[in-house]
Amino acid sequence: MSINWFKYSAPTTFYPLAGKMVPWFAWLAGLCTLFGLYWGFFETPSILSDQKQYYRIIFIHVPAAWMSMWLYVVMVCWALAGLIFNTRLSYMMASALAPTGAIMTFLALVTGAIWGKTSWGTWWDWDPRMTSELILLFMYVGYMALQSAIDDPRRADRASALLAVVGLVCVPVIFWSVNCPDPNQCAALHQRSSMANVEKNILTAMFTMTFAFWMYCFAIVLMRARNIILARESNTTWVAEMIEAEK
Amino acid sequence: MSVAEFFSMGGYGTFIWSSFGVTLVLIVGEIIAVRQQHRTILQRLGRMMRLNAEVEK
């Protein structure tokens, strides 16, 4: 069996397909959020009695931080696909990802600052991971700014795609920028940690919330991609026919 | 555990609930913005099509 993948790279077929997928991702995101929050707040009591409860910020801080990096990688993949194959949809997907990526990065920074205030006594420090995450936020904002600054959409797509590819250098830096192997010797917010040391119920809630964030990102990015397709293809016959049919 | 105890989160309630609050506001805001954008585009397209239809008459 052979599937013609390029069929789905055409906005004409992708638009209705994305529309069908959005509710599924949205429901999955909602259900997982409910489960994750329930587990995170009610199924972890025994370890709470003597521990400081601010660790619960982990249930949004870690998913947001992971999404901020993951969405950037996905955005660069679409940008590269656009640069190589010159397909319209690739660029549209890349620009649909940027605002959500920026929001996730912002959330990771804000929840991190709040956490930092409680556990470390300061809102901000130039910890390597925080600094590179801040640069990632600037990359997202720069990508969006560059795209809106160039009037010709095709040139805007190519220029911003190139910027996105260059900015990919941030992601491995964020991932590996842990400069404090032993928390007893230095005070860094981000220490080298292993999954084995984290309590099982906390991990369950954290991974469920990560999955929920992931599904939410799928849903909202597809919704935004549909908007971009509509706006950019507004003078084509298929859009006219579709709107006519929906009346 | 009482409700008040739950919300105080061992004295860290402000920090925890503001974190979750910011997240909720941004995500709900993003959903509203994208849906609003969708409606605006459809309205504009509808207007354009009506104009075209009138020109063709």
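Using equal-weight Cα scatterers in the Debye expression, the normalised intensity of the stretch A:69-110 in log10 at q = 0.19, 0.21 Å⁻¹ is -0.51, -0.59. What the Cα atoms of the protein assembly as shown give is an Rg and a Dmax of 22.0, 81 Å.
Work through the residues other than B:Arg39 whose Cβ is under 14 Å from its Cβ and net out their charges, Lys, Arg +1 and Asp, Glu -1. Surrounding charge for B:Arg39 is +4.
What ratio of Cα Rg to 2.2 N^0.38 Å holds for chain B? In units of the 2.2 N^0.38 Å rule of thumb, it is 2.25. Counting beta carbons within 10 Å around each of B:Val25, A:Val178, A:Val239 and listing the fewest first gives the order B:Val25, A:Val178, A:Val239. Seen from A:Leu222, the other residues with C-beta closer than 14 Å to its C-beta sum to a net charge of +3, counting Lys and Arg as +1 and Asp and Glu as -1. Modelled spin labels at B:Val55 and A:Thr204, positioned 7 Å past Cα toward Cβ, are 6.2 nm from each other.
Modelled spin labels at A:Trp124 and A:Leu162, positioned 7 Å past Cα toward Cβ, are 3.1 nm from each other.
Ranked by the mean number of other Cβ atoms within 10 Å per residue, highest first, peptides A:139-148, B:31-40 order as A:139-148, B:31-40. By the combined test of axial Cα extent (at least 30 Å) and Kyte-Doolittle hydropathy (mean at least 1.6), the qualifying DSSP H helices of chain A come to A:58-85.
Each value in this text was obtained by applying a stated rule to the coordinates, not by laboratory testing. Predicted model only: the values in this text are computed from it and were never measured. Note that we place each Cβ from the backbone using ideal geometry, even for glycine, and neighbour counts take in every protein chain shown.
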